[in-house]
């Protein structure tokens, strides 16, 4: 099946599968060349969409929402202390360093990749979702996402200090539940 026949969701899933293989191989297997190749393939996919759908103001933001949500979902399955987190953040940093020269006027003149369009909003949506409470059925997932937020903020990829403040407030000001949820809240705040 040619690239033109696949929809954006299918194409993004192929890129995420590529990222998964990269992460599963571990830090010693691939270096900066592989990171650059994956970032370039994501950029190429975006450019194809841009050429086809520039006039459609809904398609471009939808691309970014789907990309970020797929990456966030991938990150939620990585253990917080796993080296693959650093690899994923390195990939996002490389993507951010690409200079496409494209600006999205309907998103407030943000630069493609440099400003990581809609990443902050997607992180915010995840932070507001029901599984983002430490008392949810998956405290490890919650900790992993807190780790992602902290790493993205620490590397200057996502400037969402409000996420950090909410995690700290929840862990330090609210009554902590017992058991694994308590541990998850404190561990998330430590990230």
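For the structure I just gave you, tell me whether residue 189 is part of a loop (DSSP other than H, G, I, E, B), modelled with pLDDT under 75 and surrounded by 16 or more Cβ atoms within 10 Å (Cβ to Cβ).
no
Here are some conditions: (1) over 16 Å from the mean Cα position of the chain (by Cα); (2) in contact (Cβ under 8 Å) with a residue 24 or more places away in the chain; (3) over 20 Å from residue 113 (Cβ atoms). Residue 8 meets all but one. Which one does it not meet? Looking at each condition in turn, residue 8 falls short on (3).
The values are calculated or read from the model by the stated rules, or taken from the named source; none is laboratory data. Here the structure is a predicted model, which means the values were calculated and not measured. Using ideal geometry, Cβ is built from the backbone for each residue, glycine included, and neighbour counts are taken over all protein chains shown.
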